[in-house]
Amino acid sequence: MMRQNRLLYWLVLILGFAFLYIPIISLVVYSFNESTLVTVWSGFSLKWYRSLFDDQVLLSAAWLSLKIAALTATAAVIIGTWAGFVLARMGRFRGFSLYVAMVSAPLVIPEVVLGISMLLLFVEMGSVLGWPEGRGAFTIWAGHVMLCMAYVVVIVQSRVHDLDRSLEEAALDLGAPPLKVFFAVVLPQLAPALLAAWLLSFTLSLDDVVIASFLSGPGATTLPLEIFSRVRLGLKPEVNALAAILIGLVAVGMALAHWVQHRRAR
Amino acid sequence: MKLSRSFLPPARALAIVPPYLWLVLFFLLPFLLVVKISLSGMQFGVPPYTPLAELEEGVLRLTLQARGYIMLFTDNLYVATYLNSLKVAAITTLACMVIGYPIAYCIARSAPGVRNLLLLGVILPFWTSLLLRVYAWIGILRNDGLLNHALMWLGLIDTPLEIYRTDLAVYIGLVYAYLPFFILPLYAHLVKMDMRLLEAAYDLGARPWRAFVSVTLPLSRNGVIAGAMLVFIPTVGEYVIPELLGGANTLMIGRVMWTEFFNNTDWPMAAAVTCVMVLLLLVPLALFQHNQVRQLEQR
């Protein structure tokens with residue numbers, strides 16, 4: 001009976017993780033394929049990496065995306081931390097349910113809904129206030145902040161709940177004003193969570209196709225938009241090379257985070 | 001002294017109001033605008049819709065056009081697309097449950113060290129681009145792709161299976177993309193479970209299957225619901241995955257809305273499609289919201 005269970009346990013885990021990881025591994029493997037036919041292996045080659053670095057369109061799209069992602073992550077962390085702290089520590093207030101709904105809906109609501117609604121906001125603002133005049137990097141950034149903020153709120157809110165309140169209470173009892181308590185006591189304890197939230201926001205912004213499609217304008221083609229317009233027609237080997245580089249960066253980043261955590265633990 | 005109480009009314013309001021206003025301005029208001037545009041007429045110009053209210057010689061004229069909605073409910077294609085989107089989302093959610101539950105269960109019952117590593121394994125794909133991971137499936141599912149090569153090499157099939165650009169490919173892509181969203185909340189519930197309850201069931205003579213059905217399953221119910229909503233709601237409006245993996249006849253409401261908006265530049269129609277989509281999602285959204293509030297209150 002026990003052995004059968006062990007077998008089942010390993011079978012489930014191996015099949016499950018194979019399902020999650022085979023696509024990722026196949027991307028990396030085929031990026032080194034010599035053939036133009038992405039699915040037929042004909043030999044090891046780095047030529048797709050070379051053609052990737054000659055691809056000015058893809059590179060400038062990547063640069064724009066990195067800038068938008070960094071600005072998105074920073075703004076989302078600032079606003080999301082504020083909103084998450086309110087959710088965790090202000091108790092119930094009037095309109096609490098609406099607040100929870102607004103703050104968590106972007107997590108699940110289909111991206112096309114977020115995209116069209118943000119676009120209509122900017123179009124209406126443009127015609128009523130005369131600003132923003134057109135669409136571009138700025139509007140993409142604003143849309144991404146709205147999306148990422150929801151994730152930041154979830155992370156911050158659950159971390160604030162786990163904090164030891166006695167530290168805050170001690171500071172308050174010693175006469176520190178609440179705002180000072182927040183910046184001097186709460187925020188430092190949140191630092192690892194904020195870093196994680198920043199990185200997650202960065203990743204989400206770097207990956208978004210749908211919201212960017214609605215909010216982009218002439219001259220503002222982000223990396224996912226460029227990739228999407230290429231791959232909807234089929235396989236593109238230079239995209240495999242790009243994917244392999246991004247996956248490599250994530251793997252290195254994860255290993256680094258793991259190493260830092262272990263060193264601190266020791 | 002609690003921090004919440006130390007913020008006296010003016011300070012407390014100062015803390016609450018800014019994020020509240022921000023959300024009203026950037027989430028609620030845009031959505032109300034979608035409702036508004038869905039009732040206006042289409043025109044060629046900038047913006048490509050007519051205003052709802054016009055002031056002409058001291059007379060305020062309000063024009064509401066239900067054209068989009070009438071078309072939605074009379075054209076069978078739209079009705080079929082909505083029904084199909086709900087079906088696709090339901091089957092995807094069910095598949096995530098069947099595949100995800102055993103995975104979450106096995107991770108939760110692993111030794112603590114192994115558990116964290118396995119959990120990292122589930123989270124890690126989140127950090128790589130979903131677009132690129134879905135793209136990878138094109139290479140796997142194509143007629144000359146990895147899967148067909150493997151199956152033919154094993155001698156299981158003689159002719160390649162047609163999967164790429166079919167509904168099956170869309171299901172595979174959706175389950176693949178949303179599986180971690182189901183596993184994570186479920187895992188959080190399973191790992192918190194009081195194991196003494198299970199031991200009590202065993203001591204009372206329950207067989208493993210019986211103990212699972214009458215103890216573990218009911219205790220993980222909220223995790224299953226949370227995970228199911230995280231899969232079902234976004235799947236209904238999914239655009240990228242059906243566009244990349246599905247065929248021309250894979251009917252999904254997100255794709256229809258996209259076509260109305262970008263190809264036909266019929267913004268009022270696209271807005272009406274969106275409104276009805278959200279209306280259909282109201283019950284699952286309420287369920288999700290209920291879950292969120294309860295989680296906040298349980299702490």
Filter result (more than 9 Å from every other protein chain (Cβ to nearest Cβ), touching a Leu at 6+ places or on another chain (Cβ under 9 Å) and not in a helix (DSSP H, G or I)) within the stretch A:220-266: A:Ala220, A:Thr221, A:Thr222
Which numbered condition B:Leu118 misses (of (1) at positive phi; (2) touching a Cys at 6+ places or on another chain (Cβ under 9 Å)): (1)
A:Val252 more than 18 Å from the chain's Cα centre (by Cα), modelled with pLDDT under 90 and hydrophobic (A, V, I, L, M, F, W, C): no
Near pairs, Cβ below 7 angstrom, 6+ apart or cross-chain, from the stretch A:212-232 (farther than 20 Å from A:Gly134 by Cβ) to any residue that is part of a loop (DSSP other than H, G, I, E, B): A:Pro224/A:Asp208; A:Pro224/A:Val209; A:Phe228/A:Val209; A:Arg230/A:Lys236
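Residue check: is A:Ser26 part of a loop (DSSP other than H, G, I, E, B) and within 17 Å of A:Asn240 (Cβ to Cβ)? Write out each step before concluding.
Numbers: part of a loop (DSSP other than H, G, I, E, B): no; within 17 Å of A:Asn240 (Cβ to Cβ): yes.
So A:Ser26 does not fit the description; no.
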Boolean, A:Tyr9 is of a type outside the set (S, T, N, Q), over 30 Å from the mean Cα position of the chain (by Cα) and either surrounded by 15 or more Cβ atoms within 10 Å (Cβ to Cβ) or assigned to a helix (DSSP H, G or I) (or both): yes
Conditions (1) at pLDDT below 80; (2) facing chain A (nearest Cβ under 8 Å); number of the one not met by B:Phe44: (2)
Residue within the stretch A:163-172 that is at pLDDT below 90, away from chain B (no Cβ under 11 Å) and outside any helix (DSSP H, G or I) present: yes
Flag for B:Ala272 being within 13 Å of chain A (Cβ to nearest Cβ) and assigned to a loop (DSSP other than H, G, I, E, B): no
Residue within the stretch A:134-157 that is more than 7 Å from chain B (Cβ to nearest Cβ), in contact with a helix residue (DSSP H, G or I) (Cβ under 8 Å, 6 or more places away or on another chain) and within 22 Å of B:Thr50 (Cβ to Cβ) present: yes
Pair list, Cβ under 8 Å, 6 or more apart: the stretch A:176-195 residue within 17 Å of A:Ile79 (Cβ to Cβ), other residue not in a helix (DSSP H, G or I): A:Val186/A:Leu163; A:Leu190/A:Leu163
Filter result (of a type outside the set (Lys, Arg), facing chain B (nearest Cβ under 7 Å) and over 30 Å from B:Val273 (Cβ atoms)) within the stretch A:88-116: A:Met90, A:Gly91, A:Phe93
Criterion violated by A:Ser26 - all others in (1) within 20 Å of A:Leu200 (Cβ to Cβ); (2) within 7 Å of chain B (Cβ to nearest Cβ) satisfied: (1)
Qualifying positions in the stretch B:124-167 - on the phi > 0 side of the Ramachandran plot and more than 32 Å from the chain's Cα centre (by Cα): B:Gly155
Given (1) closer than 20 Å to B:Glu243 by Cβ; (2) touching a Phe, Trp or Tyr at 6+ places or on another chain (Cβ under 9 Å); (3) touching a residue at least 24 places away in the same chain (Cβ under 8 Å); (4) of a type outside the set (Lys, Arg), number of the condition B:Gly139 does not satisfy: (3)
Residue within the stretch B:69-78 that is in a helix (DSSP H, G or I), within 8 Å of chain A (Cβ to nearest Cβ) and touching a Leu at 6+ places or on another chain (Cβ under 8 Å) present: no
Subset of the stretch B:129-188 [in contact with a helix residue (DSSP H, G or I) (Cβ under 9 Å, 6 or more places away or on another chain), part of a helix (DSSP H, G or I) and among the aromatic types (Phe, Trp, Tyr)]: B:Tyr135, B:Trp137, B:Tyr171, B:Tyr176, B:Tyr178, B:Phe181, B:Phe182, B:Tyr187
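Within the group B:Val293, B:Val256, B:Val278, which residue is under 15 Å from the mean Cα position of the chain (by Cα) and assigned to a helix (DSSP H, G or I)? Let's see the steps before the verdict.
Details: B:Val293 fails: under 15 Å from the mean Cα position of the chain (by Cα); B:Val256 fails: under 15 Å from the mean Cα position of the chain (by Cα).
None of the other options fit; the residue is B:Val278.
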Selection status of A:Gly84, within 13 Å of B:Phe26 (Cα to Cα), modelled with pLDDT of 90 or more, more than 8 Å from chain B (Cβ to nearest Cβ) and in a helix (DSSP H, G or I): no
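The values are calculated or read from the model by the stated rules, or taken from the named source; none is laboratory data. These figures come from a predicted structure and were not determined experimentally. Ideal geometry is used to build each Cβ from the backbone, glycine not excepted, and the neighbour counts take in all protein chains shown.
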